[in-house]
Every structure is written in structure tokens, then in C-alpha cells.
Amino acid sequence: MMRRRRLAGSALAIGALLALAIGALLALAPLANSAEGPKPGMWKVVTRVTRDGATTPPDSHTSCVTADQMKDPGQSIMPHQASPEEKCTRTQYEWTGRKLTWQIECTGQMNLKGAGKIDFDTPEHYSGEITSSGAVNGHDFNSTIVLEGQRIGDCPK
């Protein structure tokens, strides 16, 4: 029973972290209008999660990222807050032209500190890493998400 609760708490934390990974793609908005910045369109993101020393198989998803979605990148890297008791704050955010870094802190049922970085090597490809540690419903965790994004085409019309 204790193991099941721990796994459930960890699953919630991983869900929040995956939301960060997905949101990280949208966090690239400052480049959208740059000639060399990432292009809006359909992006495929592959993630690999390591939690408390165990690594999951790669997971991928696609996401259509529009120019409008890229207008407020700060909102996109915040985890979804499931209840009013949860509060997440971005404590650092910097874009240097090819590298994005950020840090967040969350309190409530999900207490965590997280940090991320994304490096672009082309307007259609990036790699990054998100680290976090904390507790969900009293269960401690440490997690690293390694992600790679590739633009695969235009969004469906």
C-alpha cells in the first residue's frame, strides 16, 4: 500500500514535469519573429525521464505551436496548477539568443524546485534538460527530463 501511494505521488510529480517539458517548447517564443529563431509549426518532442535513479523509455509527442502561442513564453513553462492551494512562481528566466534557462518553485500539494535549459542548434531543432526535486503529497522525488525537439512541418489547417 505504501509503495502504491509513493508511485501515485511520483506519477503526479512526473506529470507536472512532463507538462514543463511540453511547455518548454512553447517557451521559445522570443525567437519566433527572429530570422534565425525557431519556426512555428508542428514539433515532435522526445523525452527521457530519470526519476530517483530509474530511467523510463523514451516518450514522444507532437504539438502544433502557433505564432500566437509564442507571444507569452513565460506562461508556458509553468506547470498546470490543479488546485488553488498550489502556487508556482518563476524565479529566473533568461533568453540569450540560442539558449533559454529558467527556474521555478512550487508550493502546496506539489512542493518542488525546478530548473531548465534549452539550446538551439538550428531554427528547427533543440535539446534541453529539466531537473527538479521536491515532494508531492509528502513523497520526495528527484527527476531529470532530457528532451529533444524537432520541427516536422506545418500545423494542419
Quiz item: Since E148 meets every condition but one in (1) touching a His at 6+ places or on another chain (Cβ under 8 Å); (2) farther than 22 Å from D52 by Cα; (3) not hydroxyl-bearing (S, T, Y), which condition does it not meet?
Solution: (2)
Quiz item: Quick check: is even one residue across the range 40-51 at pLDDT below 90 and buried (at least 17 other Cβ atoms within 10 Å of the Cβ)?
Solution: yes
Exercise. Mind checking which strands (runs of 3 or more DSSP E) fall wholly inside the range 73-157 and carry at least 2 residues that are surrounded by 14 or more Cβ atoms within 10 Å (Cβ to Cβ) and at pLDDT 90 or above?
Key: 99-107, 110-122, 125-136, 139-153
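The values are calculated or read from the model by the stated rules, or taken from the named source; none is laboratory data. Predicted model only: the values in this text are computed from it and were never measured. Positions of Cβ are backbone-derived with ideal geometry, glycine not excepted, and every protein chain shown enters the neighbour counts.
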